[in-house]
Amino acid sequence: IAGGYTHSLVLSSTGQVFSFGSNDYGQLGDGTNTNRYVPVAVSTTGVLNGSTIIVIAGGQSHSLVLSSTGQVFSFGYNYYGQLGDGTNTNSNVPVAVSTSGVLNRTTITTIAAGYHSLMLAIRLNDITMDYPYLYIGQSNVEISWCASGNVGDFKIELIRDDDSGTINTIVADYA
């Protein structure tokens, strides 16, 4: 389950995404701009055709989904480029996030959305966190990140779920 400002996303065990709530900018991804009071399926007739979704994120008025192949798709509000497709045009169906530039030949491993969008590709053996500092061990670590949208006042939280210090969750939000 992921929550945006006024919309919600649900991920099924089979990789299908459902959404409900406000849909002024197409953030439900169902091909309409109609508010939905019960869950509807996110459109899979376009770029999501054949994709299995493994991670979902709800932004203020946009949504991100990550496929099992590491592709990121987005839908909703795009005035500041939150959708990452190289435009500032809103979309009520999923669009592919551009993989040119910094994301070229990069497999995305996690996503987060707040007022903006954030995608991270992390290959690591030893990364720990002692709030508010992030420690990267001596092993071969490569971290890539790409933020889009209004990133002047954003915060990123790295959350560990156990005493080992292993980072299990990344959360992005508007500060």
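The set of residues in the range 22-40 that are open to solvent by 10 Å² or more (accessible area, probe 1.4 Å) and either within 18 Å of the chain's Cα centre (by Cα) or closer than 16 Å to Gln82 by Cβ (or both) comprises Ser22, Asp24, Tyr25, Asp30. Residues that are in a loop (DSSP other than H, G, I, E, B) and at pLDDT 95 or above are absent from the range 65-78. Of the residues making up the range 82-106, those that are farther than 23 Å from Gly50 by Cα and surrounded by fewer than 16 Cβ atoms within 10 Å (Cβ to Cβ) number 6.
The values are calculated or read from the model by the stated rules, or taken from the named source; none is laboratory data. Bear in mind that the values here come from a model prediction, so they are computed numbers and not experimental data. Cβ atoms come from the backbone with ideal geometry, glycine included; neighbour counts cover every protein chain shown. Just the protein is used for accessible areas: all its heavy atoms, side chains included, with ligands, DNA and RNA removed. Shrake-Rupley method; radii C 1.70, N 1.55, O 1.52, S 1.80 Å.
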